[in-house]
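Novice: First the structure, which I've put down as structure tokens, then a few questions once you've had a look.
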Amino acid sequence: MSSSISVSAPPLPRSCGTLSEAVVRYLAGGSGSSLPTHVEAEPLSRDLQLALTVCYELHYRGFEGIDDDAEWDPDVLRFRRLLERVFLAYLRDNIEAGTDAFAEMDALSLEPVSGTGPSWYLRDQGTWEQMREYFAHRSLYHLKEADPHAWAIPRLQGQAKASFVAVEFDEYGGGRGERLHQRLWADLMQAAELDSTYLGYLDRVPAETLAWVNLMSQFGLHRSLRGATVGHFAATEITSSPGSKRFVDGLTRLGAPDICAAFYREHVEADAVHEQILRHDVVANLLRDEPHLEPDVVFGMRALDFVEDVLGSALVESWKSGRSLLL
């Protein structure tokens, strides 16, 4: 089975508050529309996170009927910056600073014997419907897998750049379109009888899911956060292989379509190799050339853990209560 990935732009989402309403209305050309010049909102509110998602998506596929030049509209960029400052300040306030990237990677490499996140829950007791819901949340990223991290490539130099690209090359299917990880995820969604269109679940995912994806875009789109992007990417690859193995086991337990397990099997093997490349060739060389970035690298690693824990805790709590986290 091989799905085709639509190249069409998604429609603008439904707004859910004053911030998202402002940017959706502005982009759609609503009469007398303007963007706020001051933002006061809860950092993890769905309104703020959706508004930020809309701003970021202009740099990816854009939106149906919206001019591509909106990507560089100065009013949108000013508004996006206000939202970003709220989100980034919240992250820095809630994430302990660190200065030893290699100790951080060593800690991430220690696989616990038990855990409480979605991969543990779905391996041992989750239902097929809960697994399918997990796929819906993850689709906001996996249908553009590797793209947010790719923004870092022109901001790296030498061996760090070359090795970073080597890992991204695998994420993009090693030059084979049908092996794009984005394509493999679309195949998974179709096998699970879910909507495989880009941003297909944007109107249904909560703030926790949006924040998890927005973090990658915020890091990737700012040269000043290139160290955080590298740290985020390294942590993603270090933790991916054992987590993917748990999903393979859970999908096998549930008798799920093999195409679903195939996505995770791909990551069990590939990401174990990627971990070593990122650790020894990307992070080591980046910090040799730019040692002042080490706190940012650690911040990127810890920020990934923070947003994944927020989302994972919300998911497992809702499942244990017999509810769905989808809107």
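The values are calculated or read from the model by the stated rules, or taken from the named source; none is laboratory data. Quick caveat, the model's predicted, so the values are computed rather than measured. Positions of Cβ are generated from backbone atoms using ideal geometry, with glycine treated the same way; all protein chains shown enter the neighbour counts. What goes into the accessible areas is simple: the full protein's heavy atoms, side chains included, and nothing from ligands, DNA or RNA. Shrake-Rupley method; radii C 1.70, N 1.55, O 1.52, S 1.80 Å.
Novice: With a 1.4 Å probe and all protein chains left in place, how much accessible area per residue does region 59-212 have, in Å²?
Specialist: Using a 1.4 Å probe on heavy atoms only, each residue of region 59-212 averages 45 Å².
Novice: Can I ask one more? Compute the FRET efficiency between Thr37 and Asp67 as 1/(1 + (r/R0)^6), taking r as their Cβ-Cβ distance and R0 = 22 Å, and round to the nearest 0.05.
Specialist: Working: r = 23 Å, r/R0 = 1.03.
Between Thr37 and Asp67 the formula returns 0.45.
Novice: May I ask for the distance between the Cα centers of region 121-174 and region 63-101, given as a whole number of Å?
Specialist: Spelled out, the Cα-based centre of one part sits 20 Å from the other.
Novice: Here's something else I'd like to know. With a 1.4 Å probe and all protein chains kept in place, how do Thr53, Thr99 rank by accessible area, largest first? Walk me through the numbers on the way to the answer.
Specialist: Working: Thr53 10, Thr99 105 Å².
Descending order: Thr99, Thr53.
Novice: Can I ask one more? How much net charge surrounds Arg92 when only other residues with a Cβ under 14 Å from its Cβ are counted (Lys, Arg +1; Asp, Glu -1)?
Specialist: Working: positive: Arg85, Arg302; negative: Glu84, Asp93, Glu96, Asp296.
Within the 14 Å Cβ shell, the charges total -2.
Novice: Separate question: Tell me, what is the 1.4 Å probe accessible area of Ile259, in Å² to the nearest 10?
Specialist: Only protein atoms counted, so the area is about 50 Å².
Novice: Measuring from label point to label point, each 7 Å out along Cα→Cβ, what is the Glu193 to Arg223 span in nm?
Specialist: So the label points at Glu193 and Arg223 sit 5.1 nm apart.
Novice: Using only the alpha carbons of region 196-266, determine the length spanned along each of the three principal axes and report them from longest to shortest in whole angstroms.
Specialist: 45, 31, 18
Novice: Taking a cut-off of 16 Å between Cα atoms, list the aspartates and glutamates near Lys161, but don't count ones fewer than 8 places away on the same chain.
Specialist: Asp147, Asp170, Glu171, Glu275, Asp281, Asp289, Glu290
Novice: Here's something else I'd like to know. Assuming R0 = 25 Å, what is the FRET efficiency of Arg253 and Gln276, from their Cβ-Cβ distance, to the nearest 0.05?
Specialist: Working: r = 30 Å, r/R0 = 1.19.
Result of the calculation: an efficiency of 0.25.
Novice: Quick one: how many Å² of Asp124 are accessible to a 1.4 Å probe, rounded to 10?
Specialist: Accessible area, nearest 10 Å²: 90 Å².
Novice: Right, here's the next one. Counting only C-alpha contacts under 8 Å and six or more residues apart, can you give the relative contact order of the chain as a whole percent? Before the final figure, lay out the partial values.
Specialist: Details: 436 pairs, mean separation 79.2, N = 327.
Reported as a whole number, the value is 24 percent.
Novice: On a 1.4 Å probe surface of the protein chains, which of Lys320, Lys161 comes out largest in accessible area, and what is the full order?
Specialist: Solvent-accessible surface, decreasing: Lys320, Lys161.
Novice: Still on this structure, I have one more. Taking only DSSP H segments of four or more residues, each worth -39500 (n - 2.57), what value at 222 nm results for the chain once the sum is divided by all its residues, to the nearest 500 deg cm²/dmol? Write out the running numbers ahead of the final one.
Specialist: Values: 14 runs with 199 residues, N = 327.
Per the formula, -19500 deg cm²/dmol.
Novice: Separate question: With just the Cα atoms defining each centre, how far is region 222-262 from region 270-289? Give it in Å.
Specialist: 17
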